[in-house]
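Have a look at the structure below before the remarks.
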Amino acid sequence: NAWSYPRGDPVSVGGGGVESGRAGGAMTAAPAPSQLRSECWVEKKADEKCWAWRSLDMKQFRDPAELPLGREDHRQRLEAAAFGPLWARLCPAVFLDERPPNLLVRDTLTKAIYDVPESQLLPWYEGLLVLDALSRSNQSSQVSWFPELNDILLATRRTQRLAPSLYVEKRLLDCAVTGPRTSDGQGVTWAHRRRPLRKEPPASPGTADGQWFRIDALVEYLPPWEAVVHPKCGFYQDFYMVKWGPPYNTVDYSEMENGSESLCGATWEPDECIPDQMDVFKVRAKRKWIEMQREREQRPASQAAMVMPQRPSGVEQEGQVAKKQKIFNPKKLSLNRDCAHPFLGHAVENPFNEDVDEAHIKKGWPKKAEEHPPGHTSASPPGFCSDTCSCMEDWHLGKIPEAGKDHLANHTRDAMAIKVVQAFQDISGHVRKRGLVTRRYYLEPSNGPSNPRPGMEVEAALRDAAKGIHRIIEQAAQHLPLLGLRDKKGAGTIAAVGAVLARRMPANNQEEFSGGHGPYTPNRYRLAGAPPWLSVWPHTGDVNVNNDDVPALLQKKAMPMQLVISTPGMAEETVKISIDPVAKPNGGGAFEPLTRDVVKILQGMAPKYRTLLEARLAPIYDFSAKQCRPAHVNAWVKAVCDIELMLRVGAAAHVLPS
């Protein structure tokens, strides 16, 4: 199942670079336009609904399937992130007349009439699939033109359920959605759609030679509406995950713009860059995708692939996630979930029985130089093990006594430690000696120093200000705008609020020893009491919305719920929040009075502290004009949380007068 094909001017070995494939991936030079084969997929009848691709300003034609024209063009588009829906937009239109080689259509939004190449018109159903894929992607909040077309998508969803698997099976299984000028093995050049596909497999395995690179397999398939919004693709073509042959099958391409993040030695490649000799393997990948997609479509909406339903905590939740992720666990060990990577688990396996006699293990352990393998010896210190050692065991934690380890003795260090402890207990009012009768000998904290320490009044003022800011953040947590949390700028807002409001707040400095400082970032987040279409990603706290289940009419009042955060070894903590489903990303005016309350607290601080704090507040408040700035909710939360943290650190850092 191996083949090889040319890549024009490759800049990264193995064909892993998008720049190489997208800059010159076609097998032959583009022929004259007269040799171009194109096909219209829209029925040519009056007022037939369809979709046309246009530039973002809707002033000119733009082809989202066309690869960059050269290295410099590719570099500029990479820097501007100008791919997919951030490069071209869909416009609803109706067919008017033929004007060979183009078609005349009328835009239903602007009523403008323009020509479109016949191979570039999308059938109405296929355009809806593009909008559906965009609504489920992380790009929807960044695409300026999507809101004006979202009503069309929602209206369709109320009357029918889109079936991408059926569309691929009926219309694309024997058709390649490719680039505007793609040549096949017979020298024919196709525009955007090529059919029928070849039925015979490659005659012989390929050979890597020069600019030809060996393909081991086509692992996965993405239809064009999924590929155009995929961060690793970005063009309106069929895309395939290509597993490269040796020696590139072990190269990690995950950091490249088209590198696979799930498979080593693989990249996402457009149909245009894979020759038609691989058509048999393309069809296999499509059939595999159809089966998987059909299973996803048959599930209830609450179990769809893009949904993150609320799951119970504890062992039951871990088991469900492990089953869904299919973690490789042949020994069926009890796994602990990895904090950063949900597809990894950890376990400690004891290969020995509980009743194993340690004497048998110690007996074979090397205790002399001649018992060690040639070229190896024991560490010195401590030197060779003795018959009484148990350090070779992995489950003996706490059983090794420190007494008798002469190599650990350091008389100078011990004398200095005793001197430090003596000096500490001589400080009046901090500690008192206990255990003289019971011979336990320990120091107990006293009620505080008998004489006031310099800087205590400043620390008290900073602590009171921090408590006031903390109460303001609690109020802000009841007005979090859903639109602000969903977009890219809002990433981390929920996590920042949870980190500040869930940590212990010491009543005074004497409680610092008991863990009242912070904040610490939690390991897991989940929402309790939220509607079924709203959840958060467990490891980041970012909001996740299942657009398929969002009601057509949302209530205009805030939705109260609880943010539950957890950390290994600690009890779960709950933070009360409310999310406004219709407010603007800046809170719609709800944060303005809170901002002014923060300013009032800062105005009561000493000038040398106020200057530093006001600099942090500058993104959300103009001190020269004395008015609030219309800042994004994430900018507001970051600024106010930073101020609260600075005040709390200053209250616990024993600030001394300069």
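Can you tell me which of 272-282, 612-622 comes out highest on packing, and rank the rest after it, using the mean Cβ neighbours within 10 Å?
The most tightly packed comes first, giving 272-282, 612-622.
What residues qualify as long-range amide H neighbours of LEU480, i.e. H under 5 Å apart, gap of 5 or more or another chain, H built at 1.01 Å from N?
So LEU480 has HN proximity to SER578, ASP580.
What FRET efficiency comes out for ALA606 versus GLU572 if R0 is 51 angstrom and r is the Cβ-Cβ distance? Round to the nearest 0.05.
Approximately 0.80, to the nearest 0.05.
Using each residue's phi in region 215-220, evaluate 6.51 cos²θ - 1.76 cosθ + 1.60 at θ = phi - 60° and report the 3J(HN,Hα) Karplus result to the nearest Hz, with x for Gly and Pro.
Working through the residues one at a time gives 9, 8, 6, 9, 7, 9 Hz.
Between VAL550 and LYS584, what length in nm is gained on full extension when 0.36 nm per residue of separation is reduced by their alpha carbon distance?
Difference between extended and current length: 10.5 nm.
In nanometres, what is the gap between the two model label sites at GLN422 and GLN475, each 7 Å from Cα along Cα-to-Cβ?
5.7 nm
Among the lysines, select those whose C-alpha is under 21 Å from the C-alpha of LYS331, and discard any that sit fewer than 8 residues away in the same chain.
Those lysines meeting the cut-off are LYS323.
Please compare each pair in LYS170/LYS584; LYS170/LYS232; LYS488/LYS576; LYS45/LYS232; LYS332/LYS638; LYS170/LYS489 to a cut-off of 32 Å on the Cα-Cα distance and tell me which ones are over it.
Violating the 32 Å limit, Cα to Cα: LYS170/LYS584; LYS45/LYS232; LYS332/LYS638; LYS170/LYS489.
To the nearest 0.05, how large is the calculated FRET efficiency for SER204 and GLN76 if R₀ is 51 Å and r is the Cβ-Cβ distance?
Calculated value: 0.80.
Using the beta-carbon distance between HIS376 and ASN329 and R0 = 41 Å, what value does 1/(1 + (r/R0)^6) give for FRET efficiency, to the nearest 0.05?
About 0.75, to the nearest 0.05.
Roughly how many Å² of THR207 are accessible to a 1.4 Å probe, to the nearest 10?
Number for this one is 100 Å².
Shape of region 143-239 from its Cα gyration tensor (a ≥ b ≥ c, root eigenvalues): rounded if a/c is under 1.5, otherwise prolate when a/b > b/c, or oblate?
prolate
At what distance in nm do the modelled label points of SER386 and VAL280 sit from each other, each positioned 7 Å from its Cα along Cα→Cβ?
7.3 nm
Working out 0.36 nm times the residue gap between SER262 and LYS44, then minus their Cα-Cα distance, what length gain in nm do you get to one decimal?
74.2 nm
Just reorder GLU474, GLU118, GLU459 by solvent-accessible area, largest first, 1.4 Å probe, all chains present.
The ranking, largest first, comes out as GLU474, GLU118, GLU459.
When you count, for each residue, the other Cβ atoms within 10 Å and take the mean per peptide, how do 234-243, 187-196 rank with the highest first?
Ranking, from highest mean packing down: 234-243, 187-196.
Please give the length that would be gained between LEU166 and VAL431 if that part of the chain were fully extended, namely 0.36 nm times their separation in residues minus their C-alpha to C-alpha distance (nm, one decimal).
Net length gain for the segment: 87.7 nm.
Order of 577-585, 128-136 by packing, highest average Cβ count within 10 Å first?
The peptides rank, most packed first, as 128-136, 577-585.
The values are calculated or read from the model by the stated rules, or taken from the named source; none is laboratory data. No experiment lies behind these values; they were computed from the predicted model shown. Here the Cβ is made from the backbone with ideal geometry for all residues, glycine too, and neighbour counts use every protein chain on show. The area values use the complete protein model at the heavy-atom level, side chains included, leaving out ligands, DNA and RNA. Shrake-Rupley method; radii C 1.70, N 1.55, O 1.52, S 1.80 Å.
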